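Visitor: Quick one: structure below, then a few questions.
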Amino acid sequence: MGLSKTIWTNPSEFLARSMPDAPVMFFSPAVLQATARRFLDGFPGFVTYAVKSNPDRIVVENLAAAGIRGFDVASPEEIRLIRQLVPDAALHYNNPVRSRAEIAVAVELGVKSYSVDSHSELAKLAELVPAEGTEISVRFKLPVQGAAYNFGAKFGATVELAVELLREAAGHGFIPSLTFHPGTQCTDPAAWETYILTAAEIARDAGVTIARLNVGGGFPSHRLNDVMPRIESTFAMIDLAATAAFGENRPQLVCEPGRGLCAEAFVLAARVKAIRDGAHVFLNDGVYGALAELPMIGVIDRIEVRSETGALRTGEGVSRICFGPTCDSVDRLPGEITFPEDMEEGDYVLFRGLGAYSMATNTRFNGFGDLTLATVLALRG
């Protein structure tokens, strides 16, 4: 991915001057840092960033500049990245299944927090990780509510197993904690309340006072015009529920947003390759590129179309099927997309809020996937 060294005023200026034929990801450091401060000021606990959502160095550096000092890492590569860019950061290795070689890297690089959801993986950690000063967070799961998809199919212990694991982790001398994930793009603040109340029950049944409760990621980004994320309401719900559930034994709270932190700081511009017989739109980016997530959790309707000169298309909306550039029939965006009727071949479709799971999942399949990163002062205009 190429990085434009010029700082542009806005996407329109870049498009009009450069007329790029490959997709462009526009990045606003100001938006990213403002979002980070929103979490740091509003969340009632320690904010960590889920690196997997966008591990680009420029993202990590700007989050650190805004005050983020905790990172949720899921691989040795991510651990090394953060140790290089933010040496003093707290690292939470919350991928609950790791090889022995991966654990060895984490120990060598000073990781002091791990999650676990099985007896076998806890036994592996007890064998390989020094217990003193090390946190083990038992990850549990509940039926998903209000989320785009369910993490519980792969991760998380049942409530009954979580009781056993928490008691066992404390017995090994680890700092006992709990963690959960309500599901990606979770728009229902009440989902966190249910999990927090259950966490208190697990701790009581295990006879363990937990040090911290990680309320996971799941904080939604703004994907649909008609659905505005209720981030502050979710913060308030988490705060109230933690006090009600734990009382005087309330643990320190931790969160690990990914898309909630980085998505809004990026806008993708994809060029219209063709409009086939007025019915099908072909873009130069698709599900093998920066739009990989759309078939899984739904389309983003926060789009606008601009001409080659940067002029905004304002025609009446027309629903069309939209394909990506590859010679593969799977490369189709979900449903139909509403485009202005005056859109033409060569125009640019701008997708807002596309900073999460886009650059990180972009492939080079079929010879496509070239993606330029351009820094802008503002994402509008």
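Visitor: Quick one: of the DSSP bridges fully inside segment 29-262, what percent are antiparallel, nearest 5?
Guide: Numbers: 2 of 28 bridges.
For segment 29-262, the DSSP antiparallel bridge percentage is about 5.
Visitor: Taking the Cα centre of segment 243-381 as origin, work out the dipole magnitude from +1 charges on Lys and Arg Cβ and -1 charges on Asp and Glu Cβ, in debye rounded to 20. It would help to have the intermediate numbers written out before the result.
Guide: Details: 13 positive and 19 negative charges, 65 e Å.
Dipole magnitude for segment 243-381 comes out near 320 debye.
Visitor: A follow-up question, please. How many angstrom lie between the Cα centre of segment 228-293 and the Cα centre of segment 309-326?
Guide: Cα centroid of segment 228-293 versus Cα centroid of segment 309-326: 23 Å apart.
Visitor: Then there's this: Would you tally the net charge around PHE155, using a Cβ to Cβ cut-off of less than 10 Å, leaving PHE155 out, and scoring K and R as +1, D and E as -1?
Guide: Values: positive: ARG139, LYS141, LYS154; negative: ASP117.
Residues near PHE155 contribute +2 overall.
Visitor: Next up: Once amide H atoms are placed 1.01 Å from N in the peptide plane, what residues at a sequence separation of 5 or more from LEU377, or on another chain, have their amide H within under 5 Å of its amide H?
Guide: TRP8, THR9, ASN10
Visitor: About its Cα centre, what dipole magnitude does the chain give when the only charges are +1 on Lys and Arg Cβ and -1 on Asp and Glu Cβ, stated in debye to the nearest 20? Spell out each step's value before the answer.
Guide: Working: 34 positive and 45 negative charges, 108 e Å.
Approximately 520 debye in magnitude.
Visitor: Another question, then. For a quick check, take a GNM of the chain with Cα springs below 10 Å and name the residue from VAL59, VAL318, VAL215 with the largest mean-square fluctuation.
Guide: Between VAL59, VAL318, VAL215, it is VAL318 that shows the largest mean-square fluctuation.
Visitor: Further question on the same structure: Cβ under 13 Å from SER358's Cβ, SER358 left aside: what net charge do those residues give with Lys, Arg +1 and Asp, Glu -1?
Guide: Details: positive: LYS52, ARG223, ARG259, ARG352; negative: ASP56, GLU264, ASP285, GLU293.
It works out to a net charge of 0.
Visitor: Report the net charge of residues surrounding LEU371, where surrounding means a beta-carbon distance below 13 angstrom and charges are Lys +1, Arg +1, Asp -1, Glu -1.
Guide: Numbers: positive: ARG271, ARG364; negative: ASP21, ASP56, ASP285, ASP370.
It works out to a net charge of -2.
Visitor: Now for a separate question. Taking only pairs that are 8 or more places apart or on different chains, how many Lys pairs in the chain have Cα atoms under 30 angstrom apart?
Guide: Total qualifying Lys-Lys pairs in the chain comes to 12.
Throughout, read-outs are computed from the coordinates displayed, never taken from laboratory work. On a predicted model such as this, the values are computed, not experimentally measured, just so you know. All Cβ positions, glycine included, derive from the backbone under ideal geometry; neighbour counts span all protein chains shown.
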